[in-house]
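Here is the structure we will look at.
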Amino acid sequence: MLKSADEYEGQKPRILYLDTAYTLKMVRERSLEQEFNSRDCGGYFEHVWGVHPIANVPEKREINYEGFKPTVVEFSENQTVIEGLSAYYASLKYFFPLNFLISQIRFTRYLINLVKTEHINFVMCTDPYFTGLMGLFIKLFTKAKLVIWVCANYDDVYNETGAVAMPRLFKWRWIEKIIERIVFRRSDLVAGGNQNNLEFALKNGATLKKGTVFPIGKLIYREHLKESRLRNQDELFNTSKANYHFIYVGRMIDLKFPDDVIKSFNEIQKIIPNSALIMAGEGIMREELDKMALEMGIQEKVYFLGNISQMRLANLLSGCFAVLSPLTGRSLIEVALAGLPIVAYDRDWQVDFLEKSGAGVIVPFRDWQKMAESAVYLINNPEEANVMAKCARMAGLDACNIEKLYDHEKNEFDNLLKRRN
C-alpha cells in the first residue's frame, strides 16, 4: 500500500541517481560496489534508486525487443537498481533512431511516475547531456530538485581531440553546447568532481550561487586505503624480469592519450632496459596500442591486462615504481594511495592535485618525451622519488576522507531542501 504525502513528512530524503558509467553486472565483475554504496551519502538518504537508462550499451548486449521491461534489482536494503535498454519495440527494430527516441521517452515517463509515487526529493545526473536532459524533464513534471555532477571538462576534451562528449547521440559539439546551457541554467545545483570541472560548468551556464564541488574520493574501493606493504603481491611480478614497473590506469581511448604512454615508455626502456609497462584498462585503441608496441619492439615489456578487478589493481599498484598519467580521473587517487610518484600531464585536475601535494611531476601537455625524462629522473633520484611517494599517499588519504566528503554533500542537500521551488 502506498504512503500518503503526509506519511513521508519527517523521513530522510530520497534520491534518484542517473548514471551511465557502470551497470550492475560491471560493478560486480570489477568489485566496484563502492560506486553504488556511496550514493546514499553515508546514510543521509532513506532510499536510493540507481538508474542506468541504456544498460545494454556498455555491456554490448543484444536487444531482445520484448517491449518495455526495465530490470529492477534490490542492490541493498536501501538501494534499488533500475536498468533500461536503448530500444524496446520489435515493430521499430529496423528504425533504431526512432525506436531509441520513443523508448527513452517511455523510460522517462516511467521515472517521472516513480519520483511522484515514492516522493523522491532529488534527481542526480552525472552528465549534462543524456542523463541531464532526462533529469530536466523529470524536474519539470515533479517537485524533485535537479543536481548535475560534472566529472569531466568536456571543453578541454573537444579542444584537444575534436571528440564530442556523446558522439552516438549528438554529432556536433554546437548541439551539446546548447544542451549544456539549458541543463546547467535550470539545475538546482551543479557540482564539479573537482574545481576544474566546476569551472567548466560555470563557463557554460551554471551559476556560482548554485555551484559546488563533490570530490570523487568517496568512490574509491576500500582496498586501496591499505598501505602497499600490507597488500598481496600480484602474480605478474613473479614472472616479470623487470626491476622497475611503470603503470597506466584508464580507458584506452583517444581522449585519454594512452598512445603517449607507449611512446614515453619506449624512450624510458632505452635508458632503463630493466623496466616494464603495465597497461590496465580497455578501449577501442587497444589493437592500435598493441601494434605500436610490436612495431617499437617492446611488446615483451608491455603488459596489456584489460579491465581488471579493483582488488587486482590494488595489488598491482603495490608492486609498481611510478605512474604515467596523461589524463586520469579517480584512478589518480587510487595510484596515490599506493604511495607511487606520479608523472602527469599539465591537464584538468592533475595539476592542482600534484602541485598542492608534491605527489609527483607535472610535464607539458602531450610532451611524452618530457614524461619519459621525468620518469628516468625519478629512477636516478630515489630519495626524491620516495618523498613524492609519501606525499602521494598522504594526498590520497586526504582525498578519501569520506566523513568530510559526506558532511559537505549533506550540507548542500539540506540547503536545497530549504529553498523554495
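Computed from the coordinates by the stated procedures, all read-outs in this text should not be read as laboratory data. Please read all numbers here as calculations on a predicted model, not as lab measurements. Every residue, glycine among them, receives a Cβ derived from its backbone with ideal geometry; neighbour counts consider all protein chains shown.
A few remarks follow.
- Chymotrypsin sites (Phe, Trp or Tyr not before Pro), loop per DSSP, at most 11 other Cβ atoms within 10 Å - longest free stretch of the chain: 173-421
- Each Lys and Arg contributes +1 and each Asp and Glu -1, all at the Cβ; summed about the Cα centre of the chain, the dipole is approximately 1180 debye.
- Estimated [θ] at 222 nm from DSSP helical runs (n ≥ 4, -39500 (n - 2.57)) normalised by residues in the chain, nearest 500: -13000 deg cm²/dmol
- Taken one residue at a time, the phi angles of region 241-247 give Karplus couplings (6.51, -1.76, 1.60, θ = phi - 60°) of 9, 7, 8, 10, 10, 9, 9 Hz. Gly and Pro are set to x.
- Total formal charge among the other residues, if their Cβ is under 13 angstrom from that of Glu180, Lys/Arg +1 and Asp/Glu -1: +3
- Net charge of Cβ neighbours under 12 Å - reference Asp156; Lys, Arg +1; Asp, Glu -1: -3
- Kirkwood hydrodynamic radius of region 224-399, from inverse mean 1/r over distinct Cα pairs, in Å: 15.7
- Calculated over the chain, the projected area of the Cα convex hull averaged across directions stands at 21.2 nm².
- Cβ-derived FRET efficiency at R0 45 Å, Thr161 paired with Asn380, nearest 0.05: 0.85
- Separation of the alpha carbons by more than 24 angstrom is noted, of Lys145/Lys218; Lys226/Lys270; Lys60/Lys171; Lys139/Lys418, for Lys226/Lys270.
- Candidates Asn238, Asn204, Asn113: whichever shows maximal mean-square fluctuation once the chain is modelled as a Gaussian network with Cα springs under 10 Å: Asn238
- Highest-MSF residue in the chain out of Gly205, Gly67, Gly329 [GNM, Cα springs under 10 Å]: Gly67
- Looking at region 172-262, the GluC sites (Glu not before Pro) that sit in a DSSP loop and have at most 16 other Cβ atoms within 10 Å of their own Cβ are Glu227, Glu235.
- Gain on full stretching of the segment that runs from Glu59 to Leu417 - 0.36 nm per residue minus C-alpha separation: 125.3 nm
- Taking amide hydrogens as placed 1.01 Å from N in the peptide plane, the amide H of Tyr345 sits under 5 Å from those of Ser325, Val363, each at least 5 positions away in sequence or on another chain.
- Of Thr117, Thr239, Thr131, Thr20, the sequence from fewest to most neighbouring Cβ atoms within 10 angstrom is Thr239, Thr117, Thr20, Thr131.
- Tilt relative to the chain, helix 368-380 - C-alpha long axis, 0 to 90 degrees, to 10: 60
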